[in-house]
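The values are calculated or read from the model by the stated rules, or taken from the named source; none is laboratory data. As the structure is a prediction and not an experimental result, all values here were calculated from the model. Every residue, glycine as well, gets a Cβ built from its backbone with ideal geometry; the counts of neighbours run over all protein chains shown.
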Amino acid sequence: MGISEGNGNDPLQRRSNGDPVSPLEAKTLGGDSPVSSGSSLDFQRPHAPHANLEIFEMRVAELARNKPEFAFNPADPWAKTFRHALDTLDYGSGLKIVEVGVGLGVNVALLLTKHPENEVWGSDFVPGVIPKSEELVAELTGTDRARGYRAVPGSSDLLEHWLSGGQFHGQTPDLIVCCIPQVIDPRSTESNDELSLEDRLEQLRTSGEDAAHYYVPSLNGVRDEHFKKFVSLMDEYNLGLNARLLVEAREVLTPESGRIAMNLAGRVPLPILHTMFRETGFEEPRIVHQTIVRQDDVTTSIMPLAATERKAELAERMQALSGSKTDHRFVFYDNPDGRGRPLCAMEAYSRELSRQPNYHDLYVLESRPKPLS
Ligand SMILES: C[S@@+](CC[C@H](N)C(=O)[O-])C[C@H]1O[C@@H](n2cnc3c(N)ncnc32)[C@H](O)[C@@H]1O
């Protein structure tokens, strides 16, 4: 499927089959098709970022200005960091990819721009983003490339459709990608104490708030008692949802070909993130990309993390799991370059109270399931 130059009367670039190429695609791809003939995941050789990622980002920033209120802003530094990593890693073609928490679909658009022959499923807890993501993927990639997008309609909790025996059951993705909420269990926030889980879910489904901070605090996909306890422990570190995804992903991916790439805040020390992968049946992760972002204290207060840090018994449990003396204090900085002594959550929280900015690491980590022994 190549991209032809078009003719003098036709302002649109067209493919050889006559389909028009979208303006972004034309700008982004120039005259060359990015189609690769590779068929396997290549994890060892990160590629240089796509020369046109900058143009892609300009278009995303433009689209983000008109985003629906409830959708996460795809021009947010977290989202951009993740796209940078996805762009650097060339995952190859012929793959089945799942994005959990697809939002407005910008990552799907990037992945399909690079490899239109891949199939990319996108699902989200907030159902309203799904039709929007279909529009946006078509707009960013052009209709032809958007054909690889398999939007999962309705509300989806993590990998429930792959685990539940429904439509996708038995299909094995090669890759799962995600940048999902890293906040405490939403049931435990003050204003929601009086709400039942059902009411809370209904509120989330219909609220006009940015969906990035909400999730379903369910353990439905977790059968094993040990994992249930582990996910609850990780919730104290704002990582309950991510730990549950790893548990579910371990059931869906195969050690032979499966991979997962996650955008994870380094507010917790890196060894704790390693423990999360190890304990859920994954290999030690590798850092694909690392940056420092500002803590958004308007939407995610450091207060619950400061409370976690004071619970000595959590430090002991974490130590028992990691097998070594893991520093259980959180890691923040008072400057965007990460210079100087890191601040613990208590120190960062007192800065938050006096309206001083805090910063933290943000990692894109990638791993594969450990073979079952
Ligand atoms: C930080 S946003 C990322 C959106 C998008 N991937 C991006 O990069 O712009 C996190 C997304 O995860 C979704 N989400 C939250 N809880 C979820 C769950 N339990 N299952 C699936 N998606 C969830 C949110 O609705 C939101 O769209």
- [ ] Could you tell me which residue of segment 75-101 is modelled with the lowest pLDDT, considering only residues that are within 11 Å of the ligand (Cβ to nearest atom) and more than 13 Å from N263 (Cβ to Cβ)?
- [x] A75
TODO: Could you run through segment 139-154 and say how many residues are touching a residue at least 60 places away in the same chain (Cβ under 8 Å) and in contact with a strand residue (DSSP E or B) (Cβ under 9 Å, 6 or more places away or on another chain)?
DONE: 4
TODO: Read through the list (1) touching a Gly at 6+ places or on another chain (Cβ under 9 Å); (2) among the aliphatic types (A, V, I, L, M); (3) crowded, with 16+ Cβ neighbours inside 10 Å, then give the number of the only condition that M318 fails.
DONE: (1)
TODO: Give me the pairs, please: first residue somewhere in segment 346-358 and in contact (Cβ under 8 Å) with a residue 24 or more places away in the chain, second residue anywhere and surrounded by fewer than 17 Cβ atoms within 10 Å (Cβ to Cβ) and assigned to a helix (DSSP H, G or I), beta-carbon distance under 8 Å, and either six or more positions apart or on two chains.
DONE: Y349/M303; E352/M303
Open item on the list: Taking the conditions exactly as written (modelled with pLDDT under 65 and buried (at least 18 other Cβ atoms within 10 Å of the Cβ)), does L197 satisfy them or not?
Closed with: no
Task: Positions within segment 102-114 being away from the ligand (no atom under 13 Å from the Cβ) and either in a loop (DSSP other than H, G, I, E, B) or touching a helix residue (DSSP H, G or I) at 6+ places or on another chain (Cβ under 6 Å) (or both), in sequence order - done: L112, T113
Task: So V293, is it out of contact with any Phe, Trp or Tyr (no Cβ under 7 Å at 6 or more places or on another chain), in a strand (DSSP E or B) and either in contact (Cβ under 8 Å) with a residue 12 or more places away in the chain or over 19 Å from T326 (Cβ atoms) (or both) - done: no
Task: Flag for E256 being acidic (D, E) and either outside any loop (DSSP other than H, G, I, E, B) or in contact with a Leu (Cβ under 9 Å, 6 or more places away or on another chain) (or both) - done: no
Open item on the list: Filter segment 152-172 down to the residues that are more than 15 Å from the ligand (Cβ to nearest atom) and under 22 Å from V137 (Cβ atoms) and list them by number.
Closed with: Q167, Q171
Task: Candidate set: segment 115-135, residues that are in a helix (DSSP H, G or I) and buried (at least 24 other Cβ atoms within 10 Å of the Cβ); chosen: the one farthest from the ligand (Cβ to nearest atom) - done: S133
